[in-house]
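Here is the structure we will look at.
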Amino acid sequence: MSELHLSRNTIHFAEPLPLQSGAVLSGYDLVIETYGKLNADKSNAVLICHALNASHHVAGVNPDDPADIGWWDNMIGPGKPVDTDHFFVIGVNNLGSCFGSTGPMSLNPTSGKPYGADFPVITVEDWVNTQARLADKLGIRRFAAVMGGSLGGMQAMAWAIQFPKRIEHCVVIASTPKLSAQNIAFNEVARNAILSDPDFHGGNYYEYGVVPKRGLRLARMVGHITYLSDDDMAEKFGRELQRPNGESHDYRFSFNVEFEVESYLHHQGEKFSTYFDANTYLLVTRALDYFDPSRRYGGSLNRALAEVQAKFLVVSFSTDWRFPPNRSREIVQSLLSNKSEVSYAEIDAPHGHDAFLLEDPRYHNLIRAYFGQMQRSRK
Amino acid sequence: MVRADFAAIAKWISPNTQVLDLGCGDGSFLDYLQKQKPVHAYGVEIDDARVLSCVQKGLNVIQQNLEGGLALFENDSFDTVVLSQTLQTIHQTEKILREVVRVGKESVISFPNFGHWSHRLSVGLGHMPVSKSLPYQWYNTPNVRVLTVADFEKLASSLGLKIIDQCILHEGREVTLLPNFFGSLGLFRIRRAEF
C-alpha cells in the first residue's frame, strides 16, 4: 500500500502584501500540509482551498494528535478520488485563520500585542494572491487543479479568474458565484452573536484572557442549521426528546434542552467555541459576503469569467439550500456562454450543504473519474 | 460498435463548429464525432452513470433534465444541436423542439420510425413492436412518444421548422423507396423557418 507522505510546514513571507481593502500586511506566515510527491516538472500539484472553519490539515492523521483526521480525508489520499499516488496535494491554512497561519490571534509586530480588531479585512481574492505566492515559493508555475467546496470553491473560481494561465482544472463544489441576501443575513446573525457578546471587547478579548464563547456558540448553531437539509434533520433528530434511558417521555415544560436537535446544536456550538477564534469567524464570513467576481464587470459573471482558461468541473447537491444547484448553474451558464470547457454534475444527495464533505459513491466516483481522466491526459 | 446513425449525423456537422448533444448518453457519439473531426462539444445528460461515463471519456457534460428546457443555453449559441434517439423519451415534445431550434443554428433530430413495416405488422397482429430500433417491451420502454417519419414532418411543419435535409435508414443503409414503410430510423436536419 502506498503512503500519504504527509508533510507540514510553516512558510514565512517577508514581502508586504497589499490587500483589496487598501491595507498592507507587512509579513505573514502560512501553514501548509502536503501529500504525495511533486514530480520533476512540478506539473502534478493540486491546491485544496478550505471553507469556513477548516484548515491546512486536509488528509491523513495529525502527527501531534492521532484523533485529528484531515477534513477531506475521504477524498484525498493514496487510491482515493484525488489520488496522492499521482498528485501532489497542498492544503493551506488561509491568512486570517486560527490554525497557525497569521491571523487576528498572531502578534502584531507594530504593537507587540495580538492583532485582534486591528487585523485587516481579507477577501477571497487576497487569499488567492497569498496562495499564488505560496506556489511561487514551491516553484509551481501551474496547478494541475485548484479544488474546493463552498468558500473553497469560491477560491478555486477566483484562481481561474486571477491567474488564468496558472490553473489547468478548476473544481468548484457546492459553491456560488456570490452570496444571496439570505446567505448574508445568516452571516450577519452569526456575526452579531459574536459582536454582542460582552466578552468580545471590541475584538481585543485576548488581552482580557476571555473568549466570546456565547457568541461563537450561537454563530455556529445558526451556521450549522444552514449546512443540513430539512430532511436530514428530520431523519437525524425528528422530534425526539432528549431523555436518558428509562426517563419519562412527557414534556418537561421548561426552556432547558428538550429536543434532540437542540442538544445537537448545543454540542456543535460548544465544541466550536473551544477551538475557533471569534475574530476569524468575523473575517471569514465577511470574505464570503464580499465575494462577487461579477461586481467589477457591471454584474456580468460572463465577463468576469471571460478570460478563464481552466477546464471546470462544477458540482452541486440537490438538497443544499445554502448554495443550491441553481447557484452552481449560474456559474455553468456563464462558462457555457463563454464556450469554456465545463462539466456539471448535480448529485442527488440528502445531506444538504454538508454533502460535499461526506462520502457518497456518485460524488466520489465522479471526482475520481475527473482526476483519473486528468491523470491519463497528462501522460 | 458504432451506432448506425452516428456516421449519418456526423456528415451534417462541419469541422471547427460548436456542437451540443442533448441526451448524449455515455458520450459515445461525441467521442466518435471528435475522432472524426475537430469540433467543440458539450453533452447534456440526466443519468448519473452516463454522466460519469462522459467524464471518464474527458467530455464536457452538463447534468440536466431536458424536460425543463434549455435555459442554460443562449439563442443560436451552437452551430449544431443534436437530439439523437432522445426525442421519443421526452414528454414535452413541442417544447424541446422549440428549444432545440432556438439554441442551434441547425439541429439534427433522429428517432426510431414506428411506421416501419415490421412495426405495422406487429401491431396488425395484435402486439406492440419489439425490434432492433424499438428494442423494449411496452412495459419497460423508456420511450414515451411513438412517432413515424410522416408524423415528424407534420409536427415540424406545424411548429414552423424548416427541414433542410433528411435521411431515413434501415440497418445502417439509406432508404429512398417508401422511407416511412421501409425505414426504421429517421434523421432530420432542421432549423427555424424564419432563418
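Annotations for the structure displayed:
- The listed residues are A:Tyr290, A:Tyr297, A:Tyr363, A:Tyr370, and the only one of them that is among the hydroxyl-bearing types (Ser, Thr, Tyr), open to solvent by 50 Å² or more (accessible area, probe 1.4 Å) and either closer than 25 Å to A:Val58 by Cβ or within 14 Å of chain B (Cβ to nearest Cβ) (or both) turns out to be A:Tyr290.
- Test: A:Arg327 is in contact with a His (Cβ under 6 Å, 6 or more places away or on another chain) and surrounded by 13 or more Cβ atoms within 10 Å (Cβ to Cβ): no
- Flag for B:Gly104 being in contact with a Cys (Cβ under 7 Å, 6 or more places away or on another chain), within 14 Å of chain A (Cβ to nearest Cβ), in contact (Cβ under 8 Å) with a residue 12 or more places away in the chain and more than 24 Å from B:Val146 (Cβ to Cβ): no
- Of the strands (runs of 3 or more DSSP E) that lie entirely inside region B:38-90, those containing 2 or more residues that are within 11 Å of another protein chain (Cβ to nearest Cβ) and under 30 Å from A:Pro81 (Cβ atoms) span B:40-45, B:61-63.
- For region A:80-98, residues that are touching a helix residue (DSSP H, G or I) at 6+ places or on another chain (Cβ under 8 Å) and either closer than 14 Å to A:Ile140 by Cα or surrounded by 24 or more Cβ atoms within 10 Å (Cβ to Cβ) (or both) total 8.
- The test for being surrounded by fewer than 17 Cβ atoms within 10 Å (Cβ to Cβ) and closer than 30 Å to A:Asn326 by Cβ holds for A:Gln182.
- Number of positions in region A:38-53 that are in contact with a helix residue (DSSP H, G or I) (Cβ under 8 Å, 6 or more places away or on another chain) and part of a loop (DSSP other than H, G, I, E, B): 6
- Among the residues of region A:148-197, those identified as assigned to a helix (DSSP H, G or I), more than 22 Å from A:Leu265 (Cα to Cα), more than 14 Å from the chain's Cα centre (by Cα) and of a type outside the set (S, T, N, Q) are A:Trp159, A:Ala160, A:Ile161, A:Pro164, A:Lys165, A:Arg166, A:Ala181.
- Against the test of being open to solvent by 10 Å² or more (accessible area, probe 1.4 Å), in a helix (DSSP H, G or I), of a type in the set (Lys, Arg) and over 16 Å from A:Leu52 (Cβ atoms), the options A:Arg220, A:Arg214 yield a single qualifying residue, A:Arg214.
- Scanning region A:330-352 for residues that are under 22 Å from A:Lys80 (Cα atoms), facing chain B (nearest Cβ under 9 Å) and open to solvent by 10 Å² or more (accessible area, probe 1.4 Å) yields A:Glu346, A:Asp348.
- Filter pass, A:Glu247 being part of a helix (DSSP H, G or I) and at pLDDT below 95: no
- Set side by side, the residues A:Ser263, A:Ser254 differ, and just one is out of contact with any Asp or Glu (no Cβ under 9 Å at 6 or more places or on another chain) and either within 30 Å of A:Met157 (Cβ to Cβ) or assigned to a helix (DSSP H, G or I) (or both), which is A:Ser263.
- Looking across B:Ser131, B:Ser118, one residue alone is away from every other protein chain (no Cβ under 14 Å), in contact with a Pro (Cβ under 7 Å, 6 or more places away or on another chain) and open to solvent by less than 60 Å² (accessible area, probe 1.4 Å). It is B:Ser118.
- Selection status of B:Gly183, on the phi > 0 side of the Ramachandran plot, over 13 Å from the mean Cα position of the chain (by Cα) and touching a residue at least 12 places away in the same chain (Cβ under 8 Å): no
- Of everything in region A:91-147 that is within 18 Å of the chain's Cα centre (by Cα) and of a type in the set (Ser, Thr, Tyr), the residue that is farthest from A:His169 (Cα to Cα) is A:Thr102.
- Boolean, A:Ala355 is in contact (Cβ under 8 Å) with a residue 24 or more places away in the chain, open to solvent by less than 10 Å² (accessible area, probe 1.4 Å) and more than 10 Å from chain B (Cβ to nearest Cβ): yes
- Meets criteria (surrounded by fewer than 21 Cβ atoms within 10 Å (Cβ to Cβ), in contact (Cβ under 8 Å) with a residue 60 or more places away in the chain, away from chain B (no Cβ under 14 Å) and touching a Gly at 6+ places or on another chain (Cβ under 9 Å)) for A:Asp320: no
- Residue check, A:Ser101 surrounded by fewer than 24 Cβ atoms within 10 Å (Cβ to Cβ), closer than 20 Å to A:His50 by Cα and either in contact (Cβ under 8 Å) with a residue 60 or more places away in the chain or of a type in the set (Phe, Trp, Tyr) (or both): yes
- Region B:1-53, subset of a type in the set (D, E, K, R) and within 22 Å of A:Gly372 (Cβ to Cβ), residue least open to solvent (accessible area, probe 1.4 Å): B:Glu45
- Only residues that are over 15 Å from A:Gly100 (Cα atoms) and assigned to a loop (DSSP other than H, G, I, E, B) were counted in region A:1-36, giving 16.
The values are calculated or read from the model by the stated rules, or taken from the named source; none is laboratory data. The shown structure was predicted, so the numbers you read here are calculated from the model rather than taken from an experiment. A quick note on method: Cβ atoms are made from the backbone with ideal geometry, for glycine too, and the neighbour counts reach across all protein chains shown. To get the accessible areas, we keep the full protein, side chains included, count just its heavy atoms, and leave off ligands, DNA and RNA. Shrake-Rupley method; radii C 1.70, N 1.55, O 1.52, S 1.80 Å.
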